Amino acid sequence: MHRAIDRQVAGGCITPRTFFSALAMTRPSPSRLLRGLQLGLGGFCLAPIGCLQSLIWGRALRKLELPDDPVIVIGHWRSGTTYLHQLLAADPGAATARNALTVAPQVALVLKPLIVAILNRLMTATRPIDAVSWSALDPQEDEIGLARLTIDTHMAGVAFPQDYLKHFHRCALSSTRRFQRQLLYFTRLTWAHDGNGMRHLLIKNPAHTARVPLLLDLFPRARFVLLKREPADAVRSLTLVKQKLADLIGLQPAPDQQRQVEETAMAHGLLLDAFEAARPLIPAGQLVEVEYSQLVSSPFATVERIYRELSIKGWDQAWKSIHARVNRAQTYDACPVLLEPQAESRLQELFAPASTAAADELY
């Protein structure tokens, strides 16, 4: 039961439109058809309630004014973005997407108390991909919620791992008008779900690293925090995470580790190249860069610097909660990050001589 719930949290309850769009674009492997039905069934069951939410909230969401200066955490996956998101979201004045929203955004506003109760009762205590603790109200990246609403997200490449690079180019390096509409819609859902009385909006999404122009168009005063990590370490870690996700929600078997390393390394370079091309668009004072090692060794001081350099209000009200979250993280026991020998050898070839030994994993 717990694994079934984790599967729904990670990739289930997708809307019928998204479900059929996915099937029209890429066929699942015959051995994964039952899993596909499991991931889509919740969305079909929730469709009537989704219509009710649209009826109740539709006009209010369209008129909802969003802050134009959200704090957006970006950087390649496995660079510390989750850890930093958790610390920043500990601020009682920060509104952000949480598991209770991303699992089923189409009904999360009308079913919030029920969703929170079910998830807190049935979710495993830690994430299945890396043993990081999680709960219904822990922060989550918005790409996970967007994947319920549109096939045009990076998660398409997670669901169909044999076609990862195709979906990476389609959904991370470019975007459709539908995705742009859904991003704005989901951000309004986030503010309605979590933003009552909050001071600022917090967004975390590694895929947004390549979407800076779009984000600045939507939020002209957006403030970015870029996480940076040794490329080989980030690619090594993401390779293993992608394989675990393929086992959990993949509608195709995962490629072998060597191919995963090659594709992940290529996507890593493309993602950061896209950011560097857009860097000049970011106004002065709206970008802070943080090294992974710096976040791991001095998390509290790092967050304080982010607040100061990005002029985020409310540090006096936030620091105690953030400090408590830092203390909680000290109990985290990192999972080993070890590739098969052939895959590790290929990783070293791709990043030689810049690659270094993997740092201890922290989120």
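The values are calculated or read from the model by the stated rules, or taken from the named source; none is laboratory data. Given the structure is predicted, the values throughout are model-derived calculations rather than measurements. Every residue, glycine among them, receives a Cβ derived from its backbone with ideal geometry; neighbour counts consider all protein chains shown. Only protein heavy atoms, including side chains, enter the accessible area calculation; ligands, DNA and RNA are left aside. Shrake-Rupley method; radii C 1.70, N 1.55, O 1.52, S 1.80 Å.
What residue, among those in segment 247-258 that are in a loop (DSSP other than H, G, I, E, B) and over 20 Å from residue 344 (Cβ atoms), is most open to solvent (accessible area, probe 1.4 Å)?
Out of the qualifying residues, it is 253.
State which residue is surrounded by the most Cβ atoms within 10 Å (Cβ to Cβ) when the search covers only segment 82-141 and only residues that are without any contact (Cβ under 8 Å) to a residue 24 or more places away in the chain and among the small types (Gly, Ala, Ser).
117
For segment 20-32, what are the residues that are of a type outside the set (Gly, Ala, Ser), part of a helix (DSSP H, G or I) and either farther than 18 Å from residue 161 by Cβ or without any contact (Cβ under 8 Å) to a residue 24 or more places away in the chain (or both)?
Answer for segment 20-32, where residues must be of a type outside the set (Gly, Ala, Ser), part of a helix (DSSP H, G or I) and either farther than 18 Å from residue 161 by Cβ or without any contact (Cβ under 8 Å) to a residue 24 or more places away in the chain (or both): 20, 23, 30.
Which residues, counting only those in segment 33-49, are open to solvent by 20 Å² or more (accessible area, probe 1.4 Å) and within 16 Å of residue 160 (Cα to Cα)?
Once the filter is applied, which keeps residues that are open to solvent by 20 Å² or more (accessible area, probe 1.4 Å) and within 16 Å of residue 160 (Cα to Cα), segment 33-49 yields 33, 34, 35, 37, 38.
Identify, by number, the condition in (1) assigned to a helix (DSSP H, G or I); (2) open to solvent by 40 Å² or more (accessible area, probe 1.4 Å) that residue 173 doesn't meet.
That leaves (1) as the condition not met.
Please state which one of 261, 290 is part of a strand (DSSP E or B), open to solvent by less than 10 Å² (accessible area, probe 1.4 Å), modelled with pLDDT of 95 or more and within 18 Å of residue 233 (Cβ to Cβ).
The conditions single out 290.
Based on what the data block shows, is residue 150 of a type outside the set (A, V, I, L, M, F, W, C) and open to solvent by less than 10 Å² (accessible area, probe 1.4 Å)?
yes
What single numbered condition from (1) out of contact with any Leu (no Cβ under 6 Å at 6 or more places or on another chain); (2) closer than 19 Å to residue 102 by Cβ fails to hold for residue 57?
Result: residue 57 passes all but (1).
When you look at residue 235, is it open to solvent by less than 20 Å² (accessible area, probe 1.4 Å), in contact with a His (Cβ under 6 Å, 6 or more places away or on another chain) and farther than 19 Å from residue 289 by Cα, yes or no?
Yes; evaluated as a whole, the condition is true for this residue.
Give the residue that is nearest to the chain's Cα centre (by Cα), with candidates limited to residues of segment 128-163 that are in a loop (DSSP other than H, G, I, E, B) and closer than 15 Å to residue 100 by Cβ.
Taking the candidates together, the pick is 141.
Whether any residue in segment 330-341 is assigned to a helix (DSSP H, G or I) and either open to solvent by less than 50 Å² (accessible area, probe 1.4 Å) or charged (D, E, K, R) (or both) is what I want to check.
no
Scan segment 283-299 for residues that are within 25 Å of residue 69 (Cα to Cα) and among the β-branched types (Val, Ile, Thr) and jot them down.
Answer for segment 283-299, where residues must be within 25 Å of residue 69 (Cα to Cα) and among the β-branched types (Val, Ile, Thr): 288, 290.
Looking at 314, 269, can you tell me which residue is under 19 Å from residue 77 (Cα atoms) and surrounded by fewer than 16 Cβ atoms within 10 Å (Cβ to Cβ)?
Residue meeting the stated conditions: 269.
Hey, any hits in segment 50-67 for a residue that's open to solvent by 40 Å² or more (accessible area, probe 1.4 Å), among the β-branched types (Val, Ile, Thr), outside any strand (DSSP E or B) and at pLDDT 95 or above?
Within segment 50-67, one or more residues are open to solvent by 40 Å² or more (accessible area, probe 1.4 Å), among the β-branched types (Val, Ile, Thr), outside any strand (DSSP E or B) and at pLDDT 95 or above.
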